[in-house]
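The values are calculated or read from the model by the stated rules, or taken from the named source; none is laboratory data. The model shown is predicted, which means the values in this text are computed figures rather than measured ones. As a convention, Cβ positions derive from the backbone with ideal geometry for all residues, glycine included, and neighbour counts pool all protein chains shown.
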Amino acid sequence: MPIVRAERRLAAIMAADIVAYSRLIETHEARTLSAIKALRSQVIDPLIADHRGRIVKLMGDGAIVEFGSVVEAVACAVAMQEGTAAHQREVPPESRIAFRIGINVGDVVVEDGDLLGDGVNIAARLEALAEPGSICISDAAQKQLAGKTDLAFEDAGERTLKNIAQPVRVWRWSEAPTNPAASGALLPMPDRPSIAVLPFDNLSGQPEETYFSDGVTEDIITGLSRFRSLFVVARNSSFAFRGKPTSLAEIGRQLGVAYLLEGSIRRAGERVRVTAQLLEADTGMHIWADRYDRGLEDIFAVQEEVARTIVSTLVGRIQDASLQKSLRRPPASLAAYDCLLRGLAHFRGFGEDDNRKAYEMFERAVALDPQYALAHANLVNASLALHGSAATPPEVLDAAFATASHALELDPQESSCHRVLALIWLYRRDYDAAEYHYRRALELNPNDADRLMGLGYLLALRGKLEEALGWMQEAMRLNPFQPIWYGVRLGIALYSLKRYAEAAQALKRIPTPGYWSRARLAACYGQLGRTAEAEAQKAAILLQKPDFTIAEFFRRDVLLERAEDRELLREGLIKAGLPA
């Protein structure tokens, strides 16, 4: 029998564990195992490969992963936490998957591919100390990070770890530094009444009904956001507090608002009960509360009445005609509305088939209610997403334009109709028409952070860079917990400003990047002279798209209007070594 010789080496070890794995399995084994499999294939495994990690051991509820450097281990861990949060955003809180992660650097023993020793044990103990969604690293790992990353770790003090002789100083990361609300910085209060609408609780007893309570909450946010006299925080920032034991005062501080609206929805058969209460964030004082017990067909009247009462409480009397004009028109069919909500839940997902499922739901909503402008607009959005956005074939763009124009005829006051028309004009390279529709969308809905970011993106493509950054910063202020795609838009503006390191940091937020965003990131590294990182992106691009060339990339995917901006991007791609 051959003798297996042990090998010693220095390694960065990441230990990751799924929070409450046993409870999730006990509650719904098949669904949990399927969700873990999807999360691994779509987020975790690609990130580990991107950061040159090696999975040493895989358990049902976690993994041990070896990296060649602490920088790669930490970058991978942060991307995993952000990517997992994004992947699970639309999953009901009780079914969400979250990780704890511990990282250590130290001497390990290698036997038959397995890793042994205190280096591994400390990583596992650090993982046990981490909160859900956070990362704990050892002092040894923190010292190797110094000057090599802008990630902020807070000193959690010395800890005595089980079966480890010496105390270990622990450092903790809990939120991405790109989120101003997570950095602890106090956001300035707006100069007008400010409000965040927290996700209404689903009390129906069926977790799968959460999409309905989320949709109703979002409609209230949309109704409120149409008033210029209000500052309304975007949906995904207020929804970030779902299921977290955070005080009202802390939510108000993190979001920078004076008022909070919370409530619940109980849907049973053909009845719906909605409760809502408006509170002062810093004191918790109740300003107003009410309950609505109606037939399901009255859900639109309930939404309108809640929004009407809040607005009049915060900003005084508003004429009925103005209020009616600003609130979204309800569809004639409740079934169409239900399909719209289901479609939106898929459209915000990160699943491989989510865009197709969203398209099917929006298509069904249009069939059920042909006069439903918002369903038509979202059908266009899903169609563009399915066909690759900028690379959408002309015939698909023509069909999308016809649908979007019809949606605008149905409801000229619906900002979403203008937004999809702006996208179509952009993909047709008609920048003036795109800008007109983006600005019109903002006139109709001035507090919509996504519209603000969209206008900023368009202006960045047009070379109006300082104005673009202004709109983007306003979008990020309205939406402190920004969605990942904001980073892509911001990265494009920063690159054209030759702020390559900041652009790279923004682009790196994407958990499952495609060749399009990887090319932008490679160009950043090329301009910075970071050869190894540029080569890594190049290899990943050619793996995803073996026929990639710079010329084809510009023909299909690059929407920059100015020749000097296009040349600057081409220069970065050439420096990164991508084929011409």
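Worth a mention:
- For the range 1-61, the helices (runs of 4 or more DSSP H) that sit wholly inside it and include 3 or more residues that are more than 21 Å from SER134 (Cα to Cα) are 21-27, 29-39.
- Subset of the range 538-554 (residues that are in a helix (DSSP H, G or I), closer than 10 Å to ALA580 by Cα and either among the hydrophobic types (A, V, I, L, M, F, W, C) or not assigned by TED's automatic domain parsing to the domain that holds ALA523 (or both)): ILE550, ALA551, PHE553
- Residue within the range 451-473 that is of a type in the set (Lys, Arg), assigned to a loop (DSSP other than H, G, I, E, B), surrounded by fewer than 24 Cβ atoms within 10 Å (Cβ to Cβ) and touching a residue at least 40 places away in the same chain (Cβ under 8 Å) present: yes
- Count - residues of the range 487-529 that are in a helix (DSSP H, G or I) and either more than 24 Å from GLU90 (Cα to Cα) or in contact with an Asp or Glu (Cβ under 9 Å, 6 or more places away or on another chain) (or both): 26
- Applying the criterion of being under 18 Å from TYR21 (Cα atoms) and of a type in the set (A, V, I, L, M, F, W, C) to the residues of the range 100-125, the residue that is modelled with the lowest pLDDT is ALA124.
- Residues (buried (at least 20 other Cβ atoms within 10 Å of the Cβ) and among the charged types (D, E, K, R)) located in the range 263-293: ARG267
Matching residues to (1) buried (at least 21 other Cβ atoms within 10 Å of the Cβ); (2) not assigned by TED's automatic domain parsing to the domain that holds LEU145; (3) not aliphatic (A, V, I, L, M):
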site: ILE25; (1), (2), (3): no, no, no
site: GLN42; (1), (2), (3): no, no, yes
site: ILE55; (1), (2), (3): no, no, no
site: SER69; (1), (2), (3): no, no, yes
site: GLU72; (1), (2), (3): no, no, yes
site: CYS76; (1), (2), (3): yes, no, yes
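- Residue within the range 107-119 that is within 26 Å of the chain's Cα centre (by Cα), assigned to a strand (DSSP E or B) and touching a residue at least 24 places away in the same chain (Cβ under 8 Å) present: no
- Among the candidates LYS498, LYS545, LYS538, residue that is touching a Gly at 6+ places or on another chain (Cβ under 6 Å), among the basic types (Lys, Arg), at pLDDT 90 or above and farther than 27 Å from ALA234 by Cβ: LYS538
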